[in-house]
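Accompanying notes for the structure given below.
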Amino acid sequence: MLINFSVSNFGSFKNKVTLSMKKTSIQQHPEHILNKKVLSGAVVYGANASGKTNLLRAIGVVPMFAYPNSVLQLNALNSFMQQSNTPTEFEIEFESNGINYIYFISFNSNEILREEASFAEKSKRNMIFKRVGLKTEYGKKFQKEWYKNRTYPRDVTLISKILSDGIIDNKISGYEHFINIDEFLSKIATYEESCV
């Protein structure tokens, strides 16, 4: 279930823009609210060239960062960046199998600059991993040597590397969170217009 999606420096979005599915204080149509907190659907409308397609395109790019078998060419996304010297950033908050997650990525045309994943537990945010450049740290539940021994190039996401290295097949500690993230991202990978 999508909760929030934010994008900046991509397509027609120079500054950060957020699509929020959180309910408001409006009491009309309560049947359209899931779990008492999130809208069951949304409509995006506006004039031609107002960013509707770019919003869908941005949402469609995010799952590509997690695909272990696909090569996401960052330089191909460069043509969708507003400013080449400013990082492009995506942040997606969602619920998968009853757990709230946030996945954030910042990149330029050459490398992943920052990547983070976290989950909520008992109203506390818990880090799964945080990557800045090639320096990575893991949350307390992900301290096994298996995590610490991951190596990856600058233009490959940590999440795709972990998924391709067999975290799920080997049932490494914390693998359930990667299953949940992967399941959600694969569900939103429905917008077929390719950017790369």
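The values are calculated or read from the model by the stated rules, or taken from the named source; none is laboratory data. Please read these numbers as outputs of a predicted model, since none were measured by experiment. When we count neighbours, we look across all protein chains shown, and the Cβ atoms used for this are built from the backbone with ideal geometry, even at glycine. Heavy atoms of the whole protein, side chains included, go into the accessibility calculation; ligands, DNA and RNA do not. Shrake-Rupley method; radii C 1.70, N 1.55, O 1.52, S 1.80 Å.
Quick notes on this structure:
- Region 91-161 holds strands (runs of 3 or more DSSP E) entirely within its bounds, and those carrying 2 or more residues that are touching a Ser or Thr at 6+ places or on another chain (Cβ under 9 Å) map to 99-107, 112-121, 124-132.
- Test: Leu19 is modelled with pLDDT of 75 or more, open to solvent by less than 70 Å² (accessible area, probe 1.4 Å), under 16 Å from Ile188 (Cβ atoms) and not in a strand (DSSP E or B): no
- Any chance Thr86 is over 17 Å from Asn4 (Cβ atoms), free of Cβ contacts under 8 Å to residues at least 40 places away in the same chain and open to solvent by 30 Å² or more (accessible area, probe 1.4 Å): no
- When each of Ile26, Ile112 is tested for being out of contact with any strand residue (DSSP E or B) (no Cβ under 6 Å at 6 or more places or on another chain), at pLDDT below 80 and β-branched (Val, Ile, Thr), the lone residue that passes is Ile26.
- Hits in region 96-129 (condition: of a type in the set (A, V, I, L, M, F, W, C), open to solvent by 10 Å² or more (accessible area, probe 1.4 Å) and in contact with a Gly (Cβ under 6 Å, 6 or more places away or on another chain)): Met127
- Boolean, Phe178 is touching a Gly at 6+ places or on another chain (Cβ under 7 Å), at pLDDT 75 or above, hydrophobic (A, V, I, L, M, F, W, C) and open to solvent by less than 40 Å² (accessible area, probe 1.4 Å): no
- Subset of region 153-174 that is surrounded by fewer than 18 Cβ atoms within 10 Å (Cβ to Cβ) and hydroxyl-bearing (Ser, Thr, Tyr) - its residue that is nearest to Glu95 (Cα to Cα): Ser173
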